[in-house]
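**Student:** Supplied in C-alpha cells, the structure appears directly below.
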Amino acid sequence: MGELLRTTGLHRQFRMGDAVVRAVDGIDLSVGEGEFVSVMGPSGCGKSTLLYLLGGLDQPTGGEIHLGGRRVDRLSRTRWARLRRRQIGFVFQTFNLVENLTVVQNVQLQGMLGPRTRTRAASRRRALALLEELGVGDKAKALPAVLSGGQRQRVAIARALMNEPPLLLADEPTGNLDSATTADVLGLLRRFHAAGQTVVVVTHDPRVATTTAAQRLVSMRDGRVVDDVRLDGGTGASRALRDLIER
C-alpha cells in the first residue's frame with residue numbers, strides 16, 4: 001500500500017486580538033492508499049481545520065502537505081480547485097448545497113465540473129442513481145430548503161461521490177442523522193472504501209470513529225495528534241472506544 005497523503009510539521013495559526021490560536025500545531029500524519037482513517041477529538045481540537053488543510057480549503061501557516069507524492073501546500077487556489085475536482089470528494093458538516101438548484105442539479109453540477117467527460121444525460125443518470133442509493137431519490141426535483149438535515153447530508157454525500165474520487169474527506173458526515181440513517185451512511189462509506197478509495201472521516205462520536213470500516217483512529221487534542229492506533233474491527237475497536245469514553 002503506497003502513501004497517498006502526508007503532512008510534515010503542519011501548522012495553522014489564527015490571531016484573535018493579541019492571542020495566537022494554534023488550531024493545528026505541528027502535525028505529522030501519513031495516510032496510505034486505500035486506508036480508512038477516523039479523526040476523533042473534542043470540539044475545538046483542530047480536527048476540522050486539519051481536514052480543510054488536507055483538502056486545500058485552507059492554507060497552512062507552516063509545514064508541508066503531500067498528495068500522491070506531490071507537494072501541494074503551496075498551490076494557488078485555482079490549482080487546488082482543479083486538483084479537488086479530480087481527486088477529492090468533500091462532505092461538509094453544514095452541507096453547502098446550492099439553495100436555488102434542485103437536489104439532482106446539486107449532485108449533477110459536481111459531475112459537470114469533474115475530470116470525466118460526461119454528457120448531461122449521463123451525469124443526470126449517475127446523480128439519480130446515487131440519490132436512490134442514499135434513499136433520497138424521491139427528492140430529486142425538490143429544492144434543498146424543503147429537506148430535513150439528514151436528507152441534506154445524504155445529498156451532500158451523493159455530491160461528494162459523483163466523480164468517484166480516490167479520496168473522500170468527510171467532516172461529521174453523520175452528525176445530523178438518526179441512528180438508522182447513520183448505519184446506512186456508514187454502510188455506504190464501507191462500500192466506497194471496499195472499492196479501493198481512501199477515506200478520512202472527522203467525527204466527535206466515538207462509535208462512528210471506531211466503526212468496523214475504520215482501520216485507524218487518530219485522536220487529537222489542542223491541535224496535536226495525541227494517539228494513532230490501528231483498529232482490527234474487534235477487540236482493537238472496543239478497546240479504543242472504551243479509552244475514548246473514559247478520557
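**Student:** Please build a GNM for the chain, connecting alpha carbons under 10 Å apart, and tell me which residue among G41, G62, G223 fluctuates the most.
**Tutor:** Top of the fluctuation ranking is G62.
**Student:** How high is the relative contact order of the chain, in percent, counting Cα pairs under 8 Å that sit 6 or more residues apart?
**Tutor:** Rounded, it is 26 percent for the chain.
**Student:** How large is the dipole of region 3-246 about the Cα centre if only Lys and Arg carry +1 and Asp and Glu carry -1, each at its Cβ, rounded to the nearest 20 debye? Mind showing how you got there, number by number?
**Tutor:** Numbers: 34 positive and 25 negative charges, 242 e Å.
The dipole magnitude comes to about 1160 debye.
**Student:** Can I ask one more? Evaluate the charge dipole of region 1-67 about its Cα centre and quote only its size in Debye, nearest 20, assuming +1 on the Cβ of each Lys and Arg and -1 on the Cβ of each Asp and Glu.
**Tutor:** Numbers: 5 positive and 8 negative charges, 50 e Å.
Here the size comes out at about 240 debye.
**Student:** Along region 167-177, what does the Karplus equation 6.51 cos²θ - 1.76 cosθ + 1.60 (θ = phi - 60°) give for ³J(HN,Hα), rounded to whole Hz, x for Gly and Pro?
**Tutor:** Karplus values, whole Hz, x for Gly and Pro: 10, 10, 10, 10, 9, 6, x, 10, x, 10, 10.
**Student:** Calculate one ³J(HN,Hα) per residue across region 64-78 by plugging θ = phi - 60° into the Karplus curve 6.51 cos²θ - 1.76 cosθ + 1.60, and present them in order as whole Hz with x for glycine and proline.
**Tutor:** 10, 10, 10, 10, x, x, 10, 6, 10, 5, 9, 5, 6, 4, 5
**Student:** With label points built 7 Å along Cα→Cβ from the Cα atoms of S179 and S43, find their separation and express it in nm.
**Tutor:** Using points 7 Å along Cα→Cβ, the separation is 2.3 nm.
**Student:** Here's a follow-up. Taking K and R as +1 and D and E as -1, what net charge do the other residues with C-beta under 13 Å from the C-beta of G137 add up to? Spell out each step's value before the answer.
**Tutor:** Details: positive: R124, R125, R126, K139, K141, R154; negative: E132, E133, D138.
Around G137, the surrounding residues sum to +3.
**Student:** Separate question: Have a look at A81, T61, L97 and report the one farthest towards the positive end of the charge dipole of region 44-100, computed about the Cα centre with Cβ charges (Lys/Arg +1, Asp/Glu -1).
**Tutor:** A81
**Student:** Check D228: other-chain or 5+ apart residues with amide H under 5 Å from its amide H, H built from backbone geometry?
**Tutor:** Long-range HN contacts for D228: S219.
**Student:** With θ set to phi - 60° and the Karplus curve 6.51 cos²θ - 1.76 cosθ + 1.60, what are the ³J(HN,Hα) couplings of region 215-226 in order, to the nearest whole Hz, using x for Gly and Pro?
**Tutor:** Residue by residue, region 215-226 yields 9, 9, 10, 9, 9, 10, 7, 6, x, 10, 7, 9 Hz.
**Student:** Okay, next question. Long-range amide H contacts for T61: which residues qualify at under 5 Å (H placed 1.01 Å from N, peptide plane, sequence gap of 5 or more or a different chain)?
**Tutor:** Amide H neighbours of T61, under 5 Å, 5+ apart: H11, R12, Q13.
**Student:** So what is the 222 nm mean residue ellipticity for the chain from helices alone, if each DSSP H run of at least 4 adds -39500 (n - 2.57) and you divide by all residues, rounding to the nearest 500 deg cm²/dmol?
**Tutor:** Per the formula, -11000 deg cm²/dmol.
**Student:** Charges on Cβ only, +1 for Lys and Arg, -1 for Asp and Glu, centred on the Cα centroid of the chain; of V146, S43, V201, which one is farthest towards the dipole's positive end?
**Tutor:** Ranked along the dipole, the leading option is V146.
All of the numbers you see were taken from the coordinates with simple rules; none came from a lab. If you're wondering where the values come from, they're calculated on a predicted model, not measured in any experiment. Cβ sites come from the backbone with ideal geometry, for glycine too, and all protein chains shown count toward neighbours.
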